[in-house]
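Coordinate-derived values only; no laboratory data. Being a predicted model, the structure only gives us computed values, none of them experimental. Here the Cβ positions follow ideal geometry from the backbone for every residue, glycine too, while neighbour counts run over all protein chains shown.
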Amino acid sequence: MTGHRTFMSAMAFAICAAMPASAQDSDAAASTVVATVNGAEITLGQMIIARSGLPEQYQSMPDDVLFEGILDQLVQQTLLAQTIEDDMPARVEMALENEKRTLLASEVVNKIVGGSLSEGALQKAYDETYAKADPEREWNASHILVETEEEAAALAQRAREGEDFAKLAREHSTGPSGPGGGELGWFGVGAMVPDFEQAITSLESEQISEPVKTQFGWHVIRLNDSRLKDVPTIDEVRQELQQRVQREAVEARVSDLREGADIDVSGQDEIDPAQLSNIDLLEK
């Protein structure tokens, strides 16, 4: 939060400042030095990275305001950093090592992901998952939820004798679907708890169940209808397939690297896992 306040203070001073036309250098490169602070260089590339990490609400600000504000913030940070005369604090050095590792790994992941998304790979993933899959059944049901088996049995009998199921649900159900007549809409395999799903699969359309016990209470279920769900087209599941292909490509690359690497994690046997929260170790 302090960094945000510093940045916003810089913004306030820079609101009226405009970049001169001469500053719009079409030949600028990431290595272009924008400023020096006691000999330490601040480059355009560093400013670009700083902008990319700003909170979303800052991203739409005018370029000239962002330029002045980011530069001022980097100057301030450089001045403060230069006051550390001793060796770099251990926690800072370790944080930098982690950040470098993360950024380098992300670069590799991005290359793997970018190279994996061919139409052929997506089609292969689709064929493996959907092309030969049997259509799944879906159900449309309503239910009444009450606290006791006796209540459920009595309501089931009344529904079988012709009383309107939706009206009974509105009057007696304690579940959130009660005000809507107990309607649950369409759902597929795995959407309901096992005992409820098992009861549904044993019913014919418009049939009323016997009382069904779940962790929520006692249910009276009416199966309104059932249908076979069409197998989705490749375009309907394209995003899902892209994520799967990308994930599998990264996992395959990591697996290959593991096989060829010399990895020794025996040191973990000497460490109490609770030490992960011991921040004082970074001060030693």
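Odds and ends about this structure:
- Residue-by-residue Karplus 3J(HN,Hα) for the stretch 210-227, coefficients 6.51, -1.76, 1.60, Hz, glycine and proline x: 6, x, 10, 9, 9, 5, 8, x, 10, 10, 10, 10, 10, 7, 7, 5, 9, 7
- Most fluctuating residue given options E68, E107, E151, as computed from a GNM of the chain linking Cα atoms under 10 Å: E68
- Farthest towards the positive end of the charge dipole of the chain, among the residues V250, P179, S118, is the Cα of P179, using unit charges on the Cβ of Lys, Arg, Asp and Glu.
- Student exercise, the chain dipole from Lys, Arg, Asp, Glu Cβ charges, in Debye to nearest 20: 580
- Remark: the Cα gyration tensor places the stretch 210-284 in the oblate category, a/c being 1.5 or greater and a/b not exceeding b/c.
- Whichever aspartates and glutamates have a C-alpha closer than 19 Å to that of K124, once near sequence neighbours (fewer than 8 apart) are set aside: D134, D235, E236, E240, E248, E251
- Each Cα pair of the stretch 137-228 feeds into the Kirkwood radius, which the Stokes-Einstein equation turns, at 4 °C and 1.567 mPa s, into a diffusion coefficient of 102 µm²/s.
- Stokes-Einstein D for the stretch 129-284, Kirkwood Rh over Cα pairs, 20 °C, 1.002 mPa s (µm²/s): 106
- Taking each DSSP H run with n ≥ 4 as -39500 (n - 2.57) and averaging over every residue of the chain yields -14500 deg cm²/dmol at 222 nm.
- Kirkwood-Stokes translational diffusion coefficient of the stretch 120-177, alpha-carbon pairs, 37 °C, 0.692 mPa s, µm²/s: 224
- Between L96 and Y130, the distance separating the two model label sites (each 7 Å from Cα on the Cα→Cβ line) works out to 4.9 nm.
- Of the two radii for the chain, the radius of gyration is 1.18 times the Kirkwood radius, both from the alpha carbons; that is the Rg over Rh value.
- Between E136 and K229, the built amide H atoms are under 5 Å apart, and every one of these is 5 or more places off in sequence or on another chain.
- Cα convex hull volume per residue for the stretch 27-119 (Å³): 164
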